[in-house]
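Data block below; observations after.
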């Protein structure tokens with residue numbers, strides 16, 4: 001069993017933004033040469049999350065609209081009275097109550113076992129931000145042939 005760690009960095013441009021990171025995860029997984037195991041995708045932030053869903057433009061727009069309506073930014077929130085970092089982002093933290101900071105995805109033959117319509121998304125709730133970090137924690141085994149050749 002081997003464990004690899006990889007970091008993906010993204011820049012967000014909107015207050016609420018859903019970014020497909022599936023290709024970056026696939027590339028990182030491919031670079032490990034691991035055949036089967038699992039990959040955990042972790043957001044390192046309290047106002048940005050990881051989600052598996054369908055990538056369809058109108059659906060992504062619906063998701064952003066839904067999040068903005070669910071917890072309005074202009075609500076009367078205690079956290080905004082004295083914010084730690086100067087950001088009035090209580091709504092972002094509250095939305096986080098309904099989201100996951102991580103997802104674990106099995107892989108086999110070097111490929112994530114996602115469904116036909118599934119993609120992995122980074123969900124920004126407090127943007128824009130110049131830099132957001134996503135950790136990939138990949139654990140698995142190499143193919144027997146590759147392991148013998150090393």
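The values are calculated or read from the model by the stated rules, or taken from the named source; none is laboratory data. Just so you know, these numbers come straight off a predicted model, no measurement behind them. In this analysis, Cβ positions are derived from the backbone assuming ideal geometry, glycine residues included, and neighbour counts consider all displayed protein chains.
Of the residues 124, 109, 103, which is modelled with pLDDT of 95 or more, touching a strand residue (DSSP E or B) at 6+ places or on another chain (Cβ under 9 Å) and more than 20 Å from residue 3 (Cα to Cα)? Before the answer, list the steps.
Numbers: 109 fails: more than 20 Å from residue 3 (Cα to Cα); 103 fails: more than 20 Å from residue 3 (Cα to Cα).
Of 124, 109, 103, the one residue that is modelled with pLDDT of 95 or more, touching a strand residue (DSSP E or B) at 6+ places or on another chain (Cβ under 9 Å) and more than 20 Å from residue 3 (Cα to Cα) is 124.
Kindly indicate whether any position in segment 102-115 is within 10 Å of the chain's Cα centre (by Cα) and within 30 Å of residue 32 (Cβ to Cβ).
Pass one, segment 102-115, residues within 10 Å of the chain's Cα centre (by Cα): 102-103.
Filter again for within 30 Å of residue 32 (Cβ to Cβ), leaving 102-103.
Looking for residues that are within 10 Å of the chain's Cα centre (by Cα) and within 30 Å of residue 32 (Cβ to Cβ), one finds at least one in segment 102-115, hence yes.
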>> Looking only at segment 89-114, count every residue that is touching a helix residue (DSSP H, G or I) at 6+ places or on another chain (Cβ under 8 Å), under 21 Å from residue 16 (Cβ atoms) and surrounded by 16 or more Cβ atoms within 10 Å (Cβ to Cβ) and tell me the total.
In response: 3
> Residue check: is residue 75 exposed (fewer than 13 other Cβ atoms within 10 Å of the Cβ) and under 23 Å from residue 25 (Cα atoms)?
Replying inline: no
> Quick one: in segment 8-53, which of the residues that are over 17 Å from residue 124 (Cβ atoms) and in contact with a helix residue (DSSP H, G or I) (Cβ under 9 Å, 6 or more places away or on another chain) is surrounded by the most Cβ atoms within 10 Å (Cβ to Cβ)?
Replying inline: 39
